[in-house]
Amino acid sequence: MRRIALAVAGVPLLVAGCGSSAGMGTAAHDTPGGQPSGGASMAGDVEVAAAPSETASMICGEEIREAVAHTLTVPEVPAGTHTWRDRLYRCGYRLGAGELRLSVKDLDTAAPGKAYFQGLRARLPGATVIKGLSNFGFPAFETHHGDVVFIKDHKTLWVDASRLSPARLPDGMAREDVAYGVAAAVIGCWTE
């Protein structure tokens, strides 16, 4: 039930709408093969996207930056540092409590998307399925180290709060709560 309360607490942030990635933080933007943004290139038989999708880039966008600030009750909205390589879009937030890492494996088809999700689940120790209303109807899992992972439309969202200091989190919050609260905000944007 605590999970649902965390997700509902983020609703005011989502009511304003989830837009594009305008207002992103520092650009450490890598494009595979030096390709310009806005298109795709062919590397062998595999299409390589030159830029992340709008859906993926939301993790470093204004709404999610606000969700991070709200979840961790920090006075200023943090800037994220993002990278893009091998269809993996990453956004890191350096906070007083440590680093919060978000990533999206930005895939377009079912088989590779499912394989990445399942591979991540096998690789992260102690992964347990998120069930009931808490998974918002999507495959999801969490760890007791502060990881929460969802897959929607072949895109895998991973919120990694394992680098946050438990002693510096808001009272009564664990790293898993932070990861889940931020992941819920992203899923809310993705389903809007």
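The values are calculated or read from the model by the stated rules, or taken from the named source; none is laboratory data. Since the model is a prediction, treat every value here as computed from it, not as a measurement. When the accessible area is computed, the model is the full protein with side chains, heavy atoms only, and any ligands, DNA or RNA have been set aside. Shrake-Rupley method; radii C 1.70, N 1.55, O 1.52, S 1.80 Å.
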Segment Ala110-Ala174, length gained on full extension (0.36 nm per residue, minus Cα span): 19.8 nm
Accessible surface of segment 51-192, 1.4 Å probe, proportion on carbon and sulfur as whole %: 51 percent
Anchor Lys131: aspartates and glutamates whose Cα lies under 18 Å away (excluding residues fewer than 8 positions away in-chain): Glu142, Asp147, Glu176, Asp177
All lysines inside 17 Å of Lys155 as judged from Cα atoms, apart from same-chain residues fewer than 8 positions distant: Lys105, Lys114
